[in-house]
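Below: one structure, written as structure tokens.
The values are calculated or read from the model by the stated rules, or taken from the named source; none is laboratory data. Nothing here was measured: the structure is a model prediction, and the numbers come from that model. A quick note on method: Cβ atoms are made from the backbone with ideal geometry, for glycine too, and the neighbour counts reach across all protein chains shown. Just so you know, the surface numbers come from the protein's heavy atoms only, side chains and all, with ligands and any DNA or RNA stripped out. Shrake-Rupley method; radii C 1.70, N 1.55, O 1.52, S 1.80 Å.
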There are 2 protein chains.
Amino acid sequence: MPTASDFQRMLREASLRVTSPRIAVLSAVHAHPHADTDSILGVVRADLGAVSHQAVYDVLRALTAAGLLRRIEPQGSVARYEARVGDNHHHVVCRSCGVIADVDCAVGLTPCLTASDDHGFTIDEAEVIYWGTCPGCTTATSL
Amino acid sequence: MPTASDFQRMLREASLRVTSPRIAVLSAVHAHPHADTDSILGVVRADLGAVSHQAVYDVLRALTAAGLLRRIEPQGSVARYEARVGDNHHHVVCRSCGVIADVDCAVGLTPCLTASDDHGFTIDEAEVIYWGTCPGCTTATSL
DNA sequence: TCATTTTCTGGAATCAATCAAGTTACTGAG
DNA sequence: CTCAGTAACTTGATTGATTCCAGAAAATGA
Ligand SMILES: [Mn+2]
Ligand SMILES: [Mn+2]
Ligand SMILES: [Zn+2]
Ligand SMILES: [Zn+2]
């Protein structure tokens, strides 16, 4: 787990000012991958005390634009954020409880798949979401 | 293009009551693949006259649940519907203008990809969205 | 120190989508 | 064909995540 000074360096390298809300958000997303904005707000407030929800929305947007965070929004879910960027990994989502797990990309580079017919598009990414049932929900259903 | 009686048959085979809003929605989605709810509402109203937006939402949900329509929602887009179901095809989306095109699946069956590590999930579908720039936006940018 | 960016406050607005209650109309049984 | 039961539709309100606003205060970095 990166330390506060690691987060400071990340922000500086991205030409972003170092502020406590930004460090707290970066830290929260590192500690809670695939968390939604509201959960992140809770973690940040537990860490820092009062922080406006607007600040967290602003920070999440700035960090995502800078490439420090990645935003994902599977169908039926609110926006979620993760700190694992740049490795083109994919996700598996439980249809029953919504839990999300990482799936390493066998290729690693984007785009990792080639379209059968690209219709003349210049494709830079292949996003893959696997849908299914997680072990917990499978067990619960079969009881 | 299927006719009104084709749509009636499709509804009956799905054990759904045959109503004019349902036929109009089915027809609109067949004629306008990947249209959003609001566009569909417009087409339906041009066809039938007054129809409540709630009716269109209800119909889209019922038809999707029955497997007659498929709902897709790429990031940054509202829900879109298409009548091409059951062939597990994929989509390519333009980051610039949002246009969506179909991409045939080389495999055809779901799930068409195997996750490198499924974390114990029972996976039933692999959803693929290719992101890039459409020919029109590529041309416009390079001018 | 100073100019600039970020955050705070605290509302208010958006907009797709859903809910609720009452009315209409489709359909299968008779 | 008729009719009742229920599914579907209408109308109007509401939700909920996210964004916008605007002025004041705080923090950053040069
Ligand atoms: Mn992930
Ligand atoms: Mn399609
Ligand atoms: Zn689950
Ligand atoms: Zn385009």
Cβ-Cβ under 7 Å pairs, at least 6 apart or on other chains, the range B:94-114 side of a type in the set (Asp, Glu), far side open to solvent by less than 80 Å² (accessible area, probe 1.4 Å) and modelled with pLDDT under 90: B:104/A:116; B:104/A:117
Residue under evaluation residue B:84, criteria (1) within 18 Å of residue A:116 (Cβ to Cβ); (2) within 14 Å of chain A (Cβ to nearest Cβ), criterion not met: (2)
Residue A:134 vs. criteria more than 16 Å from DNA strand D (Cβ to nearest atom) and either more than 28 Å from residue B:133 (Cβ to Cβ) or open to solvent by 80 Å² or more (accessible area, probe 1.4 Å) (or both): yes
Count of residues meeting criterion [within 9 Å of another protein chain (Cβ to nearest Cβ) and within 16 Å of ligand 4 (Cβ to nearest atom)] in the range B:87-98: 4
